[in-house]
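Contents: one structure, followed by commentary.
The values are calculated or read from the model by the stated rules, or taken from the named source; none is laboratory data. Everything numeric here is computed off the predicted structure, so don't read it as measured data. A quick note on method: Cβ atoms are made from the backbone with ideal geometry, for glycine too, and the neighbour counts reach across all protein chains shown. In case anyone asks, the SASA skips ligands and DNA or RNA and just uses the protein heavy atoms, side chains included. Shrake-Rupley method; radii C 1.70, N 1.55, O 1.52, S 1.80 Å.
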Amino acid sequence: MERTVLKALTLGGPGDILAGLESKDLFALALGLTKPWFVSANELDTEHRRLEIAIDFERGAVFECSECGAVGCKAYDTEQRRWRHLNFFQYETILSARVPRVDCNQCGKRLVKVPWAREGSGFTLLFEALIMMMAPHMPVAAIGRIVGEHDTRLWRVIHHYVEDGRAERDDSLVRRVGMDETSSRRGHAYISLFVDMDVPRVLFATEGKDASTVQRFREDLLLHGGHPDAVKEACSDMSAAFINGIGEFLPKASITFDKFHVTKIIGDAVDKTRRAERADYPELKGQRYALLRSPETMNDDQLQFASELLLRKTSMKTARAFHLKLVFQDFYRQPKSLAETFLEKWCRWASRSRIEAMVDAARTIRRHWHGVLRWFTSHLTNGLLEGINSLVQAAKARARGYRTARNLITMVYLIAGKLELNVTHL
Ligand SMILES: [Zn+2]
């Protein structure tokens with residue numbers, strides 16, 4: 001039986017080097033076992049394509065107490081344990097061992113730590129490393145099919161390493177934070193993301209999109225050695241939830257309203273105006289996207305439509321609204337010293353335009369005045385978050401959704417948390 005395995009392992013491999021080795025030694029080598037541990041037996045079950053490797057420890061060996069680290073403890077008794085290991089070729093590989101319990105003077109009877117697995121895990125460290133290597137790149141269900149394990153067991157491993165990695169994170173230098181929400185399921189469930197804009201990395205993700213998400217972020221920051229009062233800049237959309245949350249829980253932060261969200265308010269106003277006038281001007285039908293674009297990105301048809309619109313007599317509100325939008329696009333190109341005057345003039349023009357949606361847009365901007373202008377000082381945008389968000393949405397699509405928000409949040413940390421994962425290297 002042993003000979004079969006050795007032959008299988010050396011086929012196409014460096015046979016000369018391995019020829020002198022016993023298969024037990026070979027497995028000990030492959031597993032990286034050191035004294036007092038050794039391979040006591042191995043058995044190949046060809047029918048079930050399974051390799052069982054038994055590990056034992058030398059007689060009289062002494063161990064560390066897993067609780068207090070006291071050395072020189074003798075085995076008091078043992079417990080039989082099993083772990084799923086990386087496949088040897090196509091053979092599902094199981095390690096088993098008598099794990100000693102020591103009787104520590106301080107702690108009493110404690111199971112010792114084995115070097116190949118985490119306490120309480122049914123997988124070896126290398127098997128877990130393989131899972132963690134695949135997890136950011138493919139759905140967990142697919143990993144489950146590859147390794148032949150139920151994905152619930154795999155999620156347990158992933159949660160462990162991600163939580164462990166987050167526990168070690170140091171947030172003491174966090175100064176500028178961006179926040180945004182992303183949908184967690186089709187429709188109405190959301191999670192909010194908080195990003196360190198200087199690294200960048202996701203610091204925190206939590207269910208919901210109300211002001212309490214900022215409170216939970218604050219608590220998480222404190223847990224990781226961060227200082228909420230040291231956060232001087234925050235970037236968000238204009239939702240009351242984030243504004244109130246920042247005001248209450250990040251009180252020293254100046255808000256910058258994200259450019260994309262500010263510009264979108266004007267674009268939405270143009271579209272609202274167009275829809276209201278569609279019945280009177282049939283040529284406006286189907287031109288939503290032309291009007292949302294900026295001239296640099298329009299195709300020839302859209303450019304022609306846009307310029308005809310601008311040359312019209314001003315009885316058409318959509319034409320005037322579009323003109324207002326084009327001028328607003330220059331706002332973010334102003335030098336800082338002229339930005340406020342520019343915005344003031346634009347808002348006055350929009351307020352007097354007699355275009356209801358534009359009057360509303362100007363009012364919204366006036367209500368958020370400082371945060372809109374803050375961009376000229378902070379230069380913060382949520383572009384980073386959009387990038388992270390698209391990674392998250394792609395992972396979600398690959399997985400065809402996550403069963404729980406917790407799974408999604410763990411995946412967010414894994415993909416965009418820049419965590420130092422304490423994983424054995426393959
Ligand atoms: Zn102890």
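Solvent-accessible area assigned to carbon and sulfur over segment 171-243 amounts to 52 percent, based on a 1.4 Å probe.
Roughly to the nearest percent, how much of the accessible area of segment 22-82 is carbon and sulfur, given a 1.4 Å probe? Don't skip to the end; give the middle numbers.
Numbers: 1700 of 3800 Å².
Solvent-exposed carbon and sulfur of segment 22-82 make up 45 percent of the total.
Computed over protein heavy atoms with a 1.4 Å probe, the carbon and sulfur contribution to the accessible area of segment 291-382 reaches 50%. For the set LYS232/LYS325; LYS35/LYS74; LYS259/LYS336; LYS259/LYS285, the pairs lying more than 25 angstrom apart at their alpha carbons are LYS232/LYS325; LYS259/LYS285.
Scanning the chain for long hydrophobic helices, with DSSP H runs required to stretch 18 angstrom or more by C-alpha along their axis and to average at least -0.5 on the Kyte-Doolittle scale, returns 336-351, 383-398.
With every protein chain present, what is the per residue accessible area of the chain (1.4 Å probe, Å²)? Each step should come with its number before you reach the end.
Working: 22380 Å² over 426 residues.
Solvent-accessible surface per residue comes out at 53 Å².
Full extension of the segment from ASP210 to ASN244, taken as 0.36 nm per residue of separation minus the current Cα-Cα distance, would add 11.3 nm.
Scattering from the chain was approximated by placing one identical point on each alpha carbon and applying the Debye formula without solvent; log10 I(q)/I(0) at 0.10, 0.11, 0.12 1/Å stands at -0.85, -0.94, -1.04.
Please sort 48-57, 31-40 by packing, taking for each peptide the average over its residues of neighbouring beta carbons within 10 angstrom, highest first. List each step's numbers first, then the result.
Working: 48-57: 18.1, 31-40: 15.6.
By packing density, highest mean first, the sequence is 48-57, 31-40.
Simple spin-label estimate for TRP369 and MET138 gives 5.8 nm between the two label positions (7 Å along the Cα-to-Cβ direction from each Cα).
Short-range pairs are left out: with C-alpha atoms under 8 Å and at least six residues apart, the relative contact order of the chain is 13 percent.
What's the extension gain from ASP280 to ARG50 if we count 0.36 nm per residue and subtract their Cα-Cα distance?
75.3 nm is the gain from fully extending ASP280 to ARG50.
Only helices enter the 222 nm calculation for the chain: every DSSP H run of n ≥ 4 contributes -39,500 (n - 2.57), and dividing by all residues gives -13500 deg cm²/dmol, rounded to 500.
Left without a cysteine partner by the 4.7 Å Cβ rule in the chain: CYS68, CYS73, CYS235, CYS347. Only aspartates and glutamates eight or more places from LYS24 in sequence, or on another chain, were considered; those with a Cα closer than 13 Å are GLU2, GLU43, GLU52, ASP56. Within a straight-line Cα-Cα reach of under 15 Å, LYS345 can be paired with the following aspartates and glutamates, leaving aside sequence neighbours fewer than 8 residues apart in one chain: ASP330. Candidates PHE305, ALA290, ALA357 compared by Cα position along the dipole of segment 287-426: farthest toward the positive end lies ALA357, with charges placed on Cβ.
Projected label points at LYS35 and LYS418, each 7 Å from Cα along the beta carbon direction, are separated by 4.5 nanometres.
Here each label is just a point 7 Å from Cα along the line to Cβ, and for HIS150 and SER307 those points are 6.7 nm apart.
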